[in-house]
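What follows is a set of notes on a single structure, which appears directly below.
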Amino acid sequence: MRDYRELARPSGLYESANGGRSARVAVLDSGIPSVKSILSYSSRNFTSGSERDAEHSTFVGSLLFGRGDIIGICPEASAFFGNVFDGGVARPETVARAIDCAVSEWKADVINLSLGFSRSQDCPKTIRAACERAAKNGVVLVAAS
């Protein structure tokens, strides 16, 4: 058994978050996960492609929301998953649309953006604007680095 709550304990974050109870967490990633231990979740495919490339979102979902053999950091949170990758590419317009949905429809408290850009590329303006709108609504944004 792997207990990922141990990663958050040194900072006191896990205890103060109460296991994620009443939190709404959106994961924008490579697909819709197949995590049987998540109590319940909502999902949406923001692309015209397949939702099948879900290995990374399954890992992130387990890390955050897992129960059973893998205990996540916030297993009590309401989970939302959005596929923003089409053929291995996350288009800025798709990511921005997913962020806006996470804020307006899912009422997310936290948005995890499991994506990034090359060092030579600045964050696209559409994504930056969506992140700014989310932050103005009090949403915490967590991104890959």
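Figures for the structure shown
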{"read-out": "Rounded FRET efficiency, nearest 0.05, which uses the C-beta distance separating S48 from E76 and R0 of 41 Å", "value": "0.75"}
{"read-out": "Residue-span extension gain [S104 to E132] - 0.36 nm each, minus C-alpha spacing", "value": "8.7 nm"}
{"read-out": "Label-point separation in nm, S22 to A143, each point 7 Å along Cα→Cβ", "value": "3.0 nm"}
{"read-out": "Full-extension gain in nm, D86 to C123, via 0.36 nm per residue minus C-alpha separation", "value": "11.5 nm"}
{"read-out": "Under Karplus coefficients 6.51, -1.76 and 1.60, residue-wise ³J(HN,Hα) of segment 23-29 in Hz, glycine/proline x", "value": "7, 10, 10, 9, 10, 9, 8"}
{"read-out": "Solvent-accessible ranking of R91, R67, largest area first, probe 1.4 Å", "value": "R91, R67"}
{"read-out": "Two-site FRET efficiency, E93 against R67, from Cβ-Cβ distance with R₀ of 25 Å, rounded to 0.05", "value": "0.10"}
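The values are calculated or read from the model by the stated rules, or taken from the named source; none is laboratory data. All values derive from a computational prediction rather than experimental measurement. All Cβ positions, glycine included, derive from the backbone under ideal geometry; neighbour counts span all protein chains shown. Surface accessibility is based on the protein's heavy atoms, side chains included, excluding ligands, DNA and RNA. Shrake-Rupley method; radii C 1.70, N 1.55, O 1.52, S 1.80 Å.
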